[in-house]
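Just below is one structure, and these are the notes that go with it.
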Amino acid sequence: MDAERWQRLSPLLDALLELPEQQRSEHLAALRREDAALADELEKLLAMEEGDADFLAEPVVDVPNGARPGARIGPYRLDRLIGEGGMGQVWLAARADGLYERKVALKLLRPGLADPKLRQRFDREREILARFAHPYIARLLDAGIDRDGQPYLALEYVDGEPITSYCQSRQLDIAARIDLFRQVCEAVSHAHANLIVHRDLKPSNILVTPAGHVRLLDFGIAKLLDVEPLPVEQTRTGVRTFTLHYAAPEQIRGEPVTTMTDVYSLGVVLYELLTGSKPYRLKRQTDAEWEEAILAGEPLRPSQAAARACDEAARPYSPARLARELAGDLDNISLKALGKRPEQRYVSAEALSQDLLCYLRGRPVMARGESLGYRTRKYLHRHRWALGAATMVLAVMATALGVVSWQARQALREANRAQAMQNFVAGLFESAGNAPMDTPMDLRALLDLGIVRGERSLARQPQARAELYGVVARLRLGLGDYREAGALLDRQAQLLRALPDAPTSLRLEAATLRGNARRQLSDMRGCERQMQPLLALAEREQEQLPAQVAAFYSQLARCRRDLGQRNLANQLFSRSLKLRRDNGDDVGVAESLLDLSALHADDGDPRQAIRILRDALAQLRHEVGDRHPLAIDMLRSLCSLERNNDDLAAAERDCRESLALAQDLHGRDHRATVDARRQLAALYVDLGRFGEAESEFLDTYAWMRTRLDRNHPDLARTYNSLGVVAWERGDLQRAVHYQTQAVEAWRSGTNPGLTASGVYNLAMILHSAGEDAQALPLIRESRQLRMQRFGGNHELVGDSDRLLGEILASLGEKDAARDALQDAVRLTRAGYGEAHSHTRRAEVSLARFEAAQGDAAALQRLLGWADYDGRDIEQRKASWLARAYATELDCPRRPEKARAQLDAVLAQIQLSLPEGGALPREVAQIRARCSRR
């Protein structure tokens, strides 16, 4: 392309590249009506820019050999072209004569242009830059003419980005943007002081360094006010020496420019910094439209432009907030700078900067009227902290007088209530001391007596009586008297409803206790119904009453967890934990971690639950000692998780420690001790000690039956345990009876996970008894419930699939059995891991099925698993079954050898499980079938 053509195209291409795509198309259409060939060339160049990231990396115009990368211009070596315009090129260059090393921006007159006016303008830029010595203006470092007659200017190289993109990429707030803009004003003011008008102020000529300092560039068309101007072409499609979007009206008209011309351009830059857009809204983005808008159009107020901006342009504010920030002073400052006539604008860039400083400091600005109301508002805003403090002091003094009076009345009432409670407690112990010495003290009778005496002595103090009900109810809950505690808490609730001024702490404590009582009675809906209305109150008071609110959150979360509302429960447990941590409540933190570990266990992540619990228990012991009652529950939970994770040795250790601590702290008849004994008895079942287990379960049943409803989940757990023990001992009729009671109780509740476990055990017992037709719908129900509760890929679904496959195989449904057993292996491997006994049990069942169909590889797998010689009792059970199943397949061919091998397996089982159980009974049945051959 020849230089003259490129000289015409270059500024138009620059303008198009700055426009959005839709506006670019409109602008091209307008140009095509005036010069179709020119528009076609521009469209081709734009297409090249879209498809090539290195577009314009090389000069478009053929240049002489001197201006190429690596060439020498004077003492400088050219590196790469970094910019070009209508009159010149800018190269990144480095000093190459060895005197010193420095990168510079080397500005050259465009090669091949013979216009003497451009040479004059180039020389004038050198003269202008030589006048400057300002930190915000790119400095002239050197100038000269090389041996080919090429003039050059060596300028300070600025590694920065345009001020608008710098502010947007870093999401600077309004104050930071104004600080940067005031640096620009300072640089322009320095130029004006040297009788120089820039005439082309725009963001691409205002760079910001990584250190946050402005550098003003490109004085190529600047005007010296003390010399005659050069003529400038101003046709619409010709070469413009200024950028249209930032030009002042007098530049469009071709009138003389002044320092206030730069003030207008500064106003456009300020507008774009604040709003992310130009001052004018045009239907078509053509030069003619822009000229008309600049000459006669009214700019949109910045606050209105901000309200219409997209979220990206308004950041770090929302459009609505940005509009509020700009409304008022910044609107007026921007519009004053954009005045159509020079006399309507700020008289100088310094005046514009000073008005922005007044805005930042909260002082009146020149762009606003001088009314008394405006100046008063500014004074109040500027001194708002001092005036606010004085007002607050007066308000505090006035409030203090009222509070002191109120506190005096409250103190008197509290003193009377405390004295009444003291008299009550003293009278209670006095009554206990008057009993005969040889009569054992009955704590429950003493509490009943306390209620009678309290109602009599505190008859005129309802708040104290409400507190008494709460104290006694808490003690009743600890004794396991859930119905009695619930009745007391109902009476407390009636009193509190009649006491609108009762303390918030008392209301929250009462709600927490009622929720606990309802949960202990398996009324989860009632728990949620009674606690939920106070949740908003708890959230408001959590800063003032952290301990009470944390306990409230935890109790409500437990009820929601039991209702299957796991996400809501997790949120409340987490909020409780944060409150307790923030307030240094070590015991509370341990309790919250215990709750969260239970959620992890429910989600099928027992290892994470165990890690949380062990860390929490260690912290509890470190902070409060080894004998805190909460350690009982933590050790019981650890025991349960370790048992499910096949770590029976650790489980037995923690269960025994939990039971010993419970007996030591609470005695044999306490709920914590009963639960610890039941937990240890469940381990006895796994270890084959069925007599001890049954004895413990019967004691547990006797304790719970007098305190809990017939369908209570905890009582159902005891039915379930007794049913499993009866099944292990071969009493299938009794096992079915107990297990049916457990299922009926759990079905009446709200926990489908418990129902699924009970139905699974009932199906297992019926399958063991050969009642597969009855067992089939039950195991399918268990599988469906577990899928609904945990999802289709949970390991518990795999356990159900394993038993389902065994039942289907017994019923002769081979294809369905194979599918179920394969699913069982896949799910248990994914959930429990390959080393878990449940996984091995599923693998053994699948291998038995496949080996019975003639799969030799499956038989080899059974024989491989039969060689297990470790100490894990659950894995040993799986290995005995594998040996028995493999031998069963060999019985038709070699019955005598098979019987001998089965006798050896039974002998091994007898040594480890002297009380027998379902496993040796199954092996014995295989032995009996083999004997009949």
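The values are calculated or read from the model by the stated rules, or taken from the named source; none is laboratory data. If you're wondering where the values come from, they're calculated on a predicted model, not measured in any experiment. Note: ideal-geometry Cβ built from the backbone for every residue, glycine included; neighbour counts use all protein chains shown.
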| Can Arg525 be described as among the basic types (Lys, Arg) and either touching a residue at least 40 places away in the same chain (Cβ under 8 Å) or not in a helix (DSSP H, G or I) (or both)? | yes
Filter the stretch 299-318 for residues that are in a loop (DSSP other than H, G, I, E, B), of a type outside the set (D, E, K, R) and buried (at least 18 other Cβ atoms within 10 Å of the Cβ); the one that is modelled with the lowest pLDDT is Ala309
For Thr259, state whether it is assigned by TED's automatic domain parsing to the domain that holds Ala175, hydroxyl-bearing (Ser, Thr, Tyr) and at pLDDT below 90.
-> no
When every residue in the stretch 540-577 that is in a helix (DSSP H, G or I) and polar (S, T, N, Q) is compared, the one surrounded by the fewest Cβ atoms within 10 Å (Cβ to Cβ) is Asn567
* To do: Determine, yes or no, whether Leu488 is within 30 Å of Gly584 (Cβ to Cβ), of a type outside the set (Val, Ile, Thr) and crowded, with 16+ Cβ neighbours inside 10 Å.
  => no
Filtering the stretch 348-364 for residues that are touching a Gly at 6+ places or on another chain (Cβ under 9 Å) and not in a helix (DSSP H, G or I) leaves a count of 0
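Residues checked against (1) surrounded by 20 or more Cβ atoms within 10 Å (Cβ to Cβ); (2) of a type in the set (Phe, Trp, Tyr); (3) touching a residue at least 60 places away in the same chain (Cβ under 8 Å); (4) on the phi < 0 side of the Ramachandran plot:
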| residue | (1), (2), (3), (4) |
| --- | --- |
| Thr700 | yes, no, no, yes |
| Tyr719 | yes, yes, no, yes |
| Gln733 | no, no, no, yes |
| Ala769 | no, no, no, yes |
| Leu785 | yes, no, no, yes |
| Glu795 | yes, no, yes, yes |
| Gly798 | yes, no, no, yes |
Note on the stretch 319-347: residues touching a helix residue (DSSP H, G or I) at 6+ places or on another chain (Cβ under 6 Å), part of a loop (DSSP other than H, G, I, E, B) and more than 16 Å from Glu250 (Cα to Cα) are Ala327
Counted residues in the stretch 174-210 being β-branched (Val, Ile, Thr) and under 20 Å from Val257 (Cβ atoms) come to 5
When every residue in the stretch 125-145 that is under 14 Å from Tyr76 (Cα atoms) and surrounded by fewer than 17 Cβ atoms within 10 Å (Cβ to Cβ) is compared, the one farthest from the chain's Cα centre (by Cα) is Ile145
Checked the stretch 165-182 for anything within 34 Å of the chain's Cα centre (by Cα), closer than 15 Å to Thr209 by Cβ and of a type outside the set (Gly, Ala, Ser); matches are Tyr166, Cys167, Arg170, Leu172
For this session: For Leu535, state whether it is at pLDDT below 90 and either aliphatic (A, V, I, L, M) or in the same structural domain as Arg636 (by TED's automatic domain parsing) (or both).
Result: no
Of the candidates Arg611, Arg653, Arg607, Arg621, the one satisfying the condition of being more than 30 Å from Arg840 (Cα to Cα), assigned by TED's automatic domain parsing to the domain that holds Arg678 and out of contact with any Asp or Glu (no Cβ under 7 Å at 6 or more places or on another chain) is Arg621
Among residues of the stretch 818-834 being touching a residue at least 24 places away in the same chain (Cβ under 8 Å) and farther than 14 Å from His794 by Cβ, the residue nearest to the chain's Cα centre (by Cα) is Val825
Those residues of the stretch 603-620 which are more than 15 Å from Asp647 (Cα to Cα), among the charged types (D, E, K, R) and either modelled with pLDDT of 90 or more or touching a Lys or Arg at 6+ places or on another chain (Cβ under 6 Å) (or both) amount to Asp615
**Asked** Within the stretch 886-907, can one find any residue that is under 54 Å from the mean Cα position of the chain (by Cα), modelled with pLDDT under 90 and either at positive phi or aliphatic (A, V, I, L, M) (or both)?
**Response** no
Subject >> Residue in the stretch 670-693 that is over 40 Å from the mean Cα position of the chain (by Cα), free of Cβ contacts under 8 Å to residues at least 12 places away in the same chain and part of a helix (DSSP H, G or I) present >> reply: yes
Condition set in a helix (DSSP H, G or I) and without any contact (Cβ under 8 Å) to a residue 24 or more places away in the chain, scope the stretch 578-611, selection nearest to His794 (Cα to Cα): answer is His600
Restricting attention to the stretch 746-791, the residues that are among the hydrophobic types (A, V, I, L, M, F, W, C) and within 37 Å of the chain's Cα centre (by Cα) number exactly 6
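Answer yes or no as to whether Gln774 is over 20 Å from Val905 (Cα atoms), part of a helix (DSSP H, G or I) and without any contact (Cβ under 8 Å) to a residue 24 or more places away in the chain.
yes
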Residue count, the stretch 504-522, condition crowded, with 17+ Cβ neighbours inside 10 Å and either among the aliphatic types (A, V, I, L, M) or out of contact with any Gly (no Cβ under 9 Å at 6 or more places or on another chain) (or both), comes to 10
Taking the stretch 306-340 and keeping residues of a type outside the set (S, T, N, Q) and more than 23 Å from Leu357 (Cα to Cα) leaves Ala307, Arg308, Ala309, Cys310, Asp311, Glu312, Ala313, Pro319, Ala320, Lys340
Scanning the stretch 256-291 for residues that are more than 29 Å from Ala29 (Cα to Cα) and assigned to a loop (DSSP other than H, G, I, E, B), the one farthest from the chain's Cα centre (by Cα) turns out to be Pro256
When you check Ser782 against the structure, is it farther than 21 Å from Ser695 by Cβ and among the hydroxyl-bearing types (Ser, Thr, Tyr), yes or no?
yes
When every residue in the stretch 101-122 that is surrounded by fewer than 16 Cβ atoms within 10 Å (Cβ to Cβ) and at pLDDT 75 or above is compared, the one nearest to Gln89 (Cα to Cα) is Lys103
Of the residues in the stretch 162-177 that are among the charged types (D, E, K, R) and surrounded by fewer than 17 Cβ atoms within 10 Å (Cβ to Cβ), the one that is farthest from Ala138 (Cα to Cα) is Asp173
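Against the condition within 18 Å of Ala820 (Cα to Cα) and not hydroxyl-bearing (Ser, Thr, Tyr), how does Ile765 come out, does it pass?
The answer is no for Ile765.
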